[in-house]
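Here is the structure we will look at, set down as structure tokens.
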Amino acid sequence: MLLDIRNLSIQLRSETSYIQVCKNFDLMINDGEICSLVGSSGSGKSLIINAIMGMYGHDMKVTMDYFKFRDMDLTNLSVAERRKILSSEVAIIFQEARASLDPELPIGVQMRASLGSHCFDDKWYRWPFWRFRAVNNILHKVGIKNTKQILRALPYQLSEVLCQKIIIAMALSRKPKLLIADSPISGMTSTSQVQILKLFHSYVENSKGTMLYVTNDLGPASNLMDTIKMLYCGQIVESGPKEQVINCPHHPFTQSMINAIPEFNRQVKLKMKLDVLKGDPPEFTQTPIGCPLGPRCPHADRECNTMPPIVKTKNGFFRCYYPLNMEKDNESK
Amino acid sequence: MFDLNREAREIQSDKDIAWEIYKKSTTDMIGLYTLILCICVIFILPIWVNFDPLTQNVAERLLPPSWSDRGNLHHFLGTDEFGRDFLSRLLIGAQNTTKYAFLACFSSLIIGTSLGLMSAMSRSRTRKGVLHHIFDILFSIPSILIAFITIGILGASLPHAALAIGVSLLPRFIHESYCAAKKELEKEYVRAEISDGSSRLHLTFTTILPNILSTIISNMSQGISIAIIDIAAVGYLGFGAQPPTPELGNMLASGIDIIYVSTSKAIIPGVAMIVLIASIQLVGHGICRVLNTGVADAA
Amino acid sequence: MNQNKHIPLLQVKNLGLTIKNRKYLFFRKKVEILKDINFTLEKGQTLVLTGDAGSGKSSLLHILNNPDIPHTGEVLVYGKPLKDYERRDRVGFIRLLSSDYNNAINPHKRVNFILEQPLKINTDYSTVQRDYRIDRILEYVGLSSSIKYSHPGFLTSNQMLRLAFARALVMEPEILLVDSNIEKLDAQLRSHCLNMLLDCQEEKETALVICLNDIGLIKHIADNILVLSQGRQEDYGNAKFIISKPEKEITKRLIQDYNNEYRIRPER
């Protein structure tokens, strides 16, 4: 197992007290697996990535029962030591592409700086200036054609989608063991999306890497995933292999995320309204007691005032008192 | 049932919100109280108490401060080498220095910011370039040198030194306000307001000026500090206020001459300058922090 | 037979936009951002702009929003060029909705100031009438009217999005331009947003011009579709026909790539 985290809990420091952001979060990723974490905006996905990587200061309090990365037990290390161990093996693609690039340096300089010496896998006589050649190859792989102009440019001159492709290229070029991607393909056209997803697929298959894909939309990339975990208000409400979660969702939140995906393969009525849960996701200071989806859930009842227990299904689990699609599940058993 | 009283009280005016956010940092509060104390003591106290920096009393020369053995409570901080009361010299000297430093910095700020804003908001490229770079040549000449040139032309005195320092601060204000205004103009909400139809003048005063206020204030606190130090430096070299007018700079100079005889006379003006500048910086820092709350950083 | 010459709501003919970019120290290169764009829009219709980044979608919306930007070609509203309208009437017609709410709302001013600005500058309402209008529009988008006194920096992202909606709808425009950041929102918020836009269209017959990349969504809401590539208009026509029988290469490729192997296929 590549990454094993048990019972992660995150608290943010506010003026007077600590606000509980995330509770009882478990994450287990096997080698060569693509695990997906799906949640609406504001559900704490980026905070979880920061907590795993140790990128926080005194404003966040993170506790976990167990943290294992590649047979190394990192539970009792300090944050700085954990950061040091993880930074050489994990690459992160952040959500804000332009903010992840240094605004003062040209792109070429930044890309060459991100190539470590372990990325060199060629004949020995090609070693001089290998970074210059490697950078060109990487940009071609993500589908950027006029590399010469772009390598000389500064980030503010490039469009957002181009910056996204560049940081994906930078992350993949380091050949990491674990790749964490936070909405990498938002805002791209379908052509670019397919290109990037093919890259991720080949990274997992050929270079034997592992991926944690964090997103807020189930649509574009879900067939690539192996496991899907649905995150709502900092708690995992449903988890399981892709076929099970998508074809037979149990939790109402999963159902609503699937309903939000636009239909393409069937004839749809023009100007049809899409199905949404009413209301807004709650803020962390006002999380409902018990099941976090309580006030918005169409099937909620009085029992939902207490935290639902974990109900295990064939390869995953969910937390709901009134789950959907139980008959389908029984049939498949 | 609703509670109108409580709800109405919860809607705080801008001033209240600002004060609450400012109060949170202890260091900024210390700075604020120190600054208020300094200003009261330097500017308001001399109105009632007769401080007398000029009377010489040769019999009581070079007395140490009153807390040491030979000290006299009459002269709280001692006397200098001519027998003048040191406390009065310190307060009136600080008054002189600070008065002219504030004057130089504020006038330079007003002129510089208006030039910078005019050049950022103007549409024609030539006018923008001219207004922006017109005083850039002053960047290349150090402020003390400008002071010397002015004093060489006009004669050595405190107002002339202040004029020189003010002139040397000008290009920095122009440049900073131009950059901040340019950055604001690229934001989406400014474009939305322009397409809504506000004229450029209305836009400047309603949107751009309040949003760049934090940059202006941080520059202003830096500018005042630089002005105080430079005026004191010019005075130290003897080109500012001429004796017997007290001024922090020339008090430092005469103090250094007698440092082995009476150390307090050299240290006390320096400490006064440090306290003034530190409190101004802390207050400026606090105000910038208040103005920037609730504004998400770009990166 | 009565020749009823129907004047469309919005008509764009041969729109072009070039800007000069500084390439070397003294050399300025002309970059053609848009070239030869033609389309028509009727009341209550939705036009969707598609194309990858750099194809000029945002520039097209900015020209429609602010015709003072120097461009070639004509933009006609009810037969009259948009430039000839008074600014007050123009702002009442066309509004731009930015869903990039982080940057599009002034964080230093209170909400009621932000909503009052367009009314104050462009209409003749008195203060009380403006207040009333602000209250009603906040009710329409689903915000409580006590939010009028907060600063945008302290609102959640949902509330900021609704505020952006309110700012666009406060003038009751006939054409609403929506820029492409609507897709970066998460799935629930995006559906919510589109539902609000469709509501608006149903009740007030607002015409919409939206930038979208997701063909599934386009199928749900578009009447007409305009495909842009590198500033040139590649395809334009009725969305249903084009998506079911694409003729141009670029549209075929877009639809093919949309149906890729990685897209979710739930059995419903």
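The values are calculated or read from the model by the stated rules, or taken from the named source; none is laboratory data. These numbers were taken from a predicted model, which means no experiment stands behind them. Note that each Cβ is placed from the backbone with ideal geometry, even for glycine, and that neighbours are counted across all protein chains shown. Side chains are part of the model used for accessible areas, which takes the heavy atoms of the whole protein and leaves out ligands, DNA and RNA. Shrake-Rupley method; radii C 1.70, N 1.55, O 1.52, S 1.80 Å.
At-a-glance table
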quantity: Filtered residue count, the range B:176-217, keeping only those that are within 7 Å of chain C (Cβ to nearest Cβ), under 16 Å from C:ASN103 (Cβ atoms) and not in a helix (DSSP H, G or I); calculated: 1
quantity: Those residues of the range C:220-232 which are more than 10 Å from chain A (Cβ to nearest Cβ) and surrounded by 22 or more Cβ atoms within 10 Å (Cβ to Cβ), in sequence order; calculated: C:ILE225, C:LEU226, C:LEU228, C:GLY231
quantity: For B:GLY31: the one exception among (1) under 29 Å from the mean Cα position of the chain (by Cα); (2) closer than 20 Å to B:ASP257 by Cβ; (3) of a type outside the set (A, V, I, L, M, F, W, C); (4) open to solvent by less than 20 Å² (accessible area, probe 1.4 Å); calculated: (2)
quantity: Some residue of the range C:189-199 being under 29 Å from A:PRO281 (Cα atoms) and among the hydroxyl-bearing types (Ser, Thr, Tyr); calculated: yes
quantity: Condition met for B:SER66 (closer than 30 Å to B:VAL283 by Cβ, among the small types (Gly, Ala, Ser) and open to solvent by less than 30 Å² (accessible area, probe 1.4 Å)); calculated: no
quantity: Filter result for the condition that a residue is modelled with pLDDT of 85 or more, more than 23 Å from A:ILE196 (Cβ to Cβ) and among the polar types (S, T, N, Q), over A:THR16, A:THR63, A:THR75; calculated: A:THR63
quantity: Positions within the range C:182-219 being surrounded by 22 or more Cβ atoms within 10 Å (Cβ to Cβ) and of a type in the set (Lys, Arg), in sequence order; calculated: C:ARG190, C:LYS219
quantity: Residues that are open to solvent by 60 Å² or more (accessible area, probe 1.4 Å) and either touching a Cys at 6+ places or on another chain (Cβ under 9 Å) or of a type in the set (Asp, Glu) (or both), drawn from the range C:37-89; calculated: C:ASP52, C:SER58, C:ASP68, C:GLU74, C:ASP84, C:GLU86, C:ASP89
quantity: Wholly within the range A:1-67, strands (runs of 3 or more DSSP E) carrying at least 3 residues that are open to solvent by 40 Å² or more (accessible area, probe 1.4 Å) and over 17 Å from A:ILE92 (Cβ atoms); calculated: A:3-13, A:18-29
quantity: Pair list, Cβ under 8 Å, 6 or more apart: the range A:237-262 residue away from chain C (no Cβ under 12 Å) and at pLDDT 85 or above, other residue open to solvent by 10 Å² or more (accessible area, probe 1.4 Å) and in a helix (DSSP H, G or I); calculated: A:HIS250/A:MET326; A:HIS250/A:ASP329
quantity: Identity of the residue in the range C:74-120, at the interface with chain B (Cβ under 8 Å from one of its Cβ atoms) and without any contact (Cβ under 8 Å) to a residue 24 or more places away in the chain, that ends up nearest to the chain's Cα centre (by Cα); calculated: C:ASN103
quantity: Where C:ASN260 falls short, out of the listed (1) closer than 25 Å to A:ILE246 by Cα; (2) at pLDDT 85 or above; calculated: (2)
quantity: Scan of the range C:156-184 for residues that are of a type in the set (Lys, Arg) and within 8 Å of chain A (Cβ to nearest Cβ), ordered by number; calculated: C:LYS184
quantity: Flag for A:ILE228 being over 17 Å from A:SER41 (Cβ atoms) and more than 13 Å from chain C (Cβ to nearest Cβ); calculated: no
